[in-house]
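> What follows is a single structure, and I will ask about it in a moment.
The values are calculated or read from the model by the stated rules, or taken from the named source; none is laboratory data. Since this is a predicted model, take the numbers as computed values, not measurements. Positions of Cβ are backbone-derived with ideal geometry, glycine not excepted, and every protein chain shown enters the neighbour counts. When the accessible area is computed, the model is the full protein with side chains, heavy atoms only, and any ligands, DNA or RNA have been set aside. Shrake-Rupley method; radii C 1.70, N 1.55, O 1.52, S 1.80 Å.
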Amino acid sequence: MNLRLKLFASLRERAGASDLNREFSAGVSVADIWHALTTEFPTLSGQQDALSFAVNQEYVKPDFRPLDGDEVAFIPPVSGGLTGDVVGPVRIVRAPIDIPALEHAVADPGAGAIATFVGTTRNENSGRHVLRLEYEAYEPMALSEMRKLAAEAGERFGIIRAAITHRIGVVEIGEASVAIAVSAPHRAEAFAACRFAIDRLKQIVPIWKKEYFAGGEVWVGCQTSHPPAHH
């Protein structure tokens with residue numbers, strides 16, 4: 001059977017490819033597919049403990065067996081319920097984030113509070129002088145996961161509405177890379193849901209951050225101890 005394979009961030013760099021088409025026997029698991037890739041691209045070896053798998057833009061376990069024509073994605077660690085009315089606009093953009101528009105999108109007559117989180121690029125990290133950041137995303141899956149976490153925030157905290165925008169591409173010093181706005185009847189719920197959303201986003205949403213600093217560059221996350229392949 002034919003499968004479409006996708007690699008991102010540091011995995012893409014080490015393999016020298018982002019999209020692959022490969023033939024496999026029926027019944028093969030995604031873990032088996034990954035093992036085949038590490039044989040084809042030895043620079044990928046040693047990654048499975050920190051790896052997640054997705055089939056057709058949904059997370060799956062290593063023993064999941066895809067079908068002919070499926071898309072299988074290998075998700076390195078990311079830079080850390082069903083949707084309903086609580087889910088406001090969820091977007092991935094390449095231009096500066098319009099924060100007032102995001103806050104306007106969650107406004108509601110029943111909201112006594114709107115909490116907003118904005119993540120910006122700072123000029124120092126771990127003693128390095130940072131020049132800029134660059135973000136990469138598995139966009140269809142990232143949008144799906146952001147909608148799910150907005151819905152989960154609604155279920156957990158009883159908020160009215162949540163909206164999320166993440167920027168990809170180059171983000172200069174002082175510019176916003178991610179913004180989350182949450183409206184709720186009371187401030188405690190708004191604050192809690194906003195914090196939950198950004199923490200969860202950095203854990204599960206397949207968006208990766210590359211840091212450019214004076215003297216080099218590095219993917220931020222536990223996968224960064226492995227240098228990219230030379231090609």
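> Rg(Cα) of segment 43-160 divided by 2.2 N^0.38 Å?
1.34
> Calculate the all-directions average of the projected area of segment 111-152's alpha-carbon convex hull, and give it in nm².
The orientation-averaged projected area of the Cα hull of segment 111-152 comes to 5.1 nm².
> Which translational diffusion coefficient, to the nearest whole µm²/s, is obtained for the chain from the Stokes-Einstein equation, given a Kirkwood hydrodynamic radius over C-alpha pairs, 10 °C and 1.306 mPa s?
84 µm²/s
> Another question about this same structure. Of the listed peptides 7-19, 104-116, what is their order by residue-averaged count of other C-beta atoms within 10 Å, with the highest listed first?
Descending packing order for the listed peptides: 7-19, 104-116.
> Something else now. Dividing the Cα convex hull volume of segment 1-112 by residue count, how many Å³ per residue is that?
Per-residue hull volume (Cα only) is 154 Å³.
> Which value, in debye to the nearest 20, gives the size of the charge dipole of the chain about its Cα centre, when Lys and Arg are +1 and Asp and Glu are -1 at the Cβ?
380 debye
> Within segment 195-209, find all residues whose amide N lies under 18 Å from a label point positioned 7 Å from the Cα of L131 along Cα-to-beta-carbon.
209
> Check the straight Cα-Cα distances from K148 and name the lysines below 17 Å, setting aside those fewer than 8 residues away within the same chain.
The qualifying lysines are K202.
> Ordering Y59, Y212, Y138 by accessible area with a probe of 1.4 Å, largest first, what comes out?
Ranked from most to least accessible, the order is Y59, Y212, Y138.
> Kindly state, to the nearest 0.05, the FRET efficiency for E155 paired with A214, given R0 = 35 Å and r defined as their beta-carbon distance.
Working from the Cβ atoms, E equals 0.20.
> Once both labels are modelled 7 Å past Cα along the beta-carbon direction, what's the D70-L20 spacing in nm?
Between D70 and L20, the label points sit 1.7 nm apart.
> Still on this model: Accessible area of the chain with a 1.4 Å probe: how many percent of it is carbon plus sulfur?
Within the chain, the accessible surface is 51 percent carbon and sulfur.
> What accessible area per residue, rounded to a whole number of Å², is obtained for segment 94-173 using a probe radius of 1.4 Å?
Ligands and nucleic acids excluded, the figure is 48 Å² per residue.
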